[in-house]
Amino acid sequence: PAEGGGVLEVTGVTMRFGGLVALNDVSLTLAPGRITALIGPNGSGKSTLVNVISGLYRPSAGRVVFAGHDITGLADHQVAAARVVRTFQDPRLVPHFTVRENLLLGAHRLQRHSALAALLGLPAAIEDEARHLATIEAVMALTNLTEVADRVMATLPYGTRRMAEVGRALLAHPLAVLLDEPAAGLSEAEMERLAQVIRDMKAMGLAILLIEHHMDFLDDLVDDVVVLDSGRVIYRGDIAGMRCDREVIAAYLGT
Ligand code: ADP
Ligand code: MG
């Protein structure tokens, strides 16, 4: 659902929560058609960085620029409207809606006020809904959700719900996508499917940030790696280089 384009540049981002420095002068670049893994121990600031980029937190210092536009401190729906879209570590789906209905909510993310109207079947929203449905079918095919389209979300296995979270993000027509541990709790087969979806997103030219710590999953998938430790970037480069980096081994791989 997206054409490529748009470098996302994080420059010198610091995020303080009271006395805690969750991010300390973090810089990274996401490029179209590239998959950047963000890894690091628990509590190292990975989700906080996604929260800053996606507009949930306003950073204490630093800039987020997407496709030449400063998006620092914009509200989350404005960042999504700029086509920088994130998923949540814990899927945020409506449990008593079907898969298709949840994806419809994603499609309406850019016009958030029509989402409820569409689900209630209000006339003004019907035309929008028709336009979105074709895209939804395509995204469901891509994410392997077609067979469960009419199932109620709460009745589905965790891995399927995680995939629906990714599908919902895709329906917001992202150019940059931030995936917060999308593989957590997935079976081997589900992980393979997810890897294929992420490759498809790369082929569509999306700039991708992938938070993940299964090295087997990352090995054949990612172009660049950024390692955080206590809110600081301690490594930036490729996976092979990361594996033999002393600081990374001490902070992360050794544990
Ligand atoms: P990760 O995703 O790498 O496991 P997080 O980004 O969730 O780590 O957290 C980084 C640090 O920031 C942790 O110490 C966490 O407790 C803290 N933190 C995150 N969000 C908040 C918040 N809203 N208020 C206070 N502290 C927070
Ligand atoms: Mg996290």
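The values are calculated or read from the model by the stated rules, or taken from the named source; none is laboratory data. Worth saying up front: this structure is predicted, and the values here are computed from it rather than measured. Cβ atoms come from the backbone with ideal geometry, glycine included; neighbour counts cover every protein chain shown.
Considered as a group, the residues in region 34-44 that are under 20 Å from Val64 (Cβ atoms) and not in a strand (DSSP E or B) include one that is farthest from ligand 1 (Cβ to nearest atom), and that residue is Arg34.
Got a number for residues in region 204-224 being closer than 13 Å to Val177 by Cβ, out of contact with any Gly (no Cβ under 6 Å at 6 or more places or on another chain) and not β-branched (Val, Ile, Thr)? Full working, then the answer.
The initial filter retains those residues of region 204-224 that are closer than 13 Å to Val177 by Cβ, namely 204-211.
Filter once more, keeping what is out of contact with any Gly (no Cβ under 6 Å at 6 or more places or on another chain): 204, 206-211.
If we keep only those that are not β-branched (Val, Ile, Thr) as well, we get 204, 206-207, 209-210.
So the answer is 5.
When Glu188 is tested against the conditions (1) surrounded by 13 or more Cβ atoms within 10 Å (Cβ to Cβ); (2) under 26 Å from Leu171 (Cα atoms), the lone failure is (1). Within region 134-160, residues that are closer than 15 Å to Leu105 by Cβ reach partners that are small (Gly, Ala, Ser) and modelled with pLDDT of 95 or more with beta carbons closer than 6 Å, at six or more positions or on different chains, in the pairs Met140/Ala149. Spot the failing condition for Pro95; the list is (1) of a type outside the set (A, V, I, L, M); (2) away from ligand 1 (no atom under 16 Å from the Cβ); (3) assigned to a loop (DSSP other than H, G, I, E, B); (4) out of contact with any strand residue (DSSP E or B) (no Cβ under 8 Å at 6 or more places or on another chain), and only one is missed. Among (1) of a type outside the set (A, V, I, L, M); (2) away from ligand 1 (no atom under 16 Å from the Cβ); (3) assigned to a loop (DSSP other than H, G, I, E, B); (4) out of contact with any strand residue (DSSP E or B) (no Cβ under 8 Å at 6 or more places or on another chain), the lone unmet condition for Pro95 is (4). For region 158-195, a tally of residues being away from ligand 1 (no atom under 16 Å from the Cβ), of a type in the set (Gly, Ala, Ser), closer than 22 Å to Asn51 by Cα and outside any strand (DSSP E or B) returns 4. Of all residues in region 15-27, one or more are more than 16 Å from ligand 2 (Cβ to nearest atom) and under 20 Å from the mean Cα position of the chain (by Cα). Answer yes or no as to whether Ile198 is within 16 Å of ligand 2 (Cβ to nearest atom) and of a type in the set (Val, Ile, Thr). Taking the combined requirement at face value, the residue does not satisfy it.
For region 45-71, taking the residues that are surrounded by fewer than 18 Cβ atoms within 10 Å (Cβ to Cβ) and assigned to a loop (DSSP other than H, G, I, E, B), the one that is nearest to ligand 1 (Cβ to nearest atom) is identified as Leu56.
Among residues of region 28-42 being within 13 Å of ligand 2 (Cβ to nearest atom) and in contact (Cβ under 8 Å) with a residue 24 or more places away in the chain, the one that is surrounded by the most Cβ atoms within 10 Å (Cβ to Cβ) is Leu38. Figure legend. Inter-residue proximity from region 7-27: first residues under 25 Å from Leu206 (Cα atoms) and in contact (Cβ under 8 Å) with a residue 12 or more places away in the chain, second residues in a loop (DSSP other than H, G, I, E, B) and more than 16 Å from ligand 2 (Cβ to nearest atom), beta-carbon distance below 6 Å, spacing 6+ or different chains. Indicated pairs: Val7/Ala31; Val13/Pro59.
Would you say Ala172 is more than 17 Å from the chain's Cα centre (by Cα), surrounded by fewer than 23 Cβ atoms within 10 Å (Cβ to Cβ), at pLDDT below 90 and within 19 Å of Val99 (Cβ to Cβ)? The answer is no for Ala172.
Can you work out which of the residues in region 1-33 that are within 18 Å of Ala169 (Cβ to Cβ) and in a loop (DSSP other than H, G, I, E, B) is modelled with the lowest pLDDT? Residue satisfying both the conditions and the ranking: Pro1.
What strands (runs of 3 or more DSSP E) lie completely within region 196-255 and have 1 or more residues being modelled with pLDDT under 95?
Hits in region 196-255: none.
Looking for whichever is closer than 30 Å to Pro157 by Cβ and among the aromatic types (Phe, Trp, Tyr) here; the options are Phe97, Phe17. Which one fits?
Every option except Phe97 fails the conditions.
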